[in-house]
Amino acid sequence: MLNFRPTAAAADAPMRDAGETPARTPQAQPQRPAQPPGRVANDFRASVTELFNLINAERRRAGAPALRLDETMNNAAARRASELPRRYSHDRPDGRSYSTVFAEFGITPRTSAENVAWRSGQNNQSMADFNRAFMNSDGHRANMLNRNYTTVGLGIVRDGDRLYVAQLFAGDITISAQPQQPQSLSESLKELERSFRELRDLFR
């Protein structure tokens, strides 16, 4: 039985989300701990390479230039893959857009898109299966073959009998040496308090 659940989203600067409606998204699932991104990337390195080669083979057939596989983008995609068991969406578990993951790794893309999918059952989880299903969906295929994208990052994580895949596409990226760290709630409150004090001082 096919249990492919894909969704595709595209974004243009300044990271405005668009794209097709998530296809047959599963019902909300219980909160699960995220997989360590480093382990995700290492455990599935061979699969990442295989999927990357499949994507570029599709682009060659479509006459599109080859994508470059970037390690920093892979790490960002691995983080997104690790979040999918908790919230299968282009929004992250905390409600922010998928595109906020780029800043956490110092990545600034001019344009970007995300494809995500999961499959269950050991016999339906090859990278060729994922690639075939992506290519059979208009929104996912458009992201994969888009000539505006030059770089891709791929993340894969297993959760129980499900295998999750995240594809991040980007065009004209820059990567800074000091990535932005996710801001904690306490840090956000402190920043808000500082802003309030500064505003109050202006009206004294």
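Every read-out reported here was derived from the displayed coordinates using simple, explicitly stated rules and does not represent laboratory data. As the structure is a prediction and not an experimental result, all values here were calculated from the model.
Data for the structure
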item	result
Segment 63-124: C-alpha gyration tensor shape, a/c 1.5 cut-off, then a/b vs b/c	oblate
Cα pair distances exceeding 14 angstrom across segment 110-171, given as percent	55
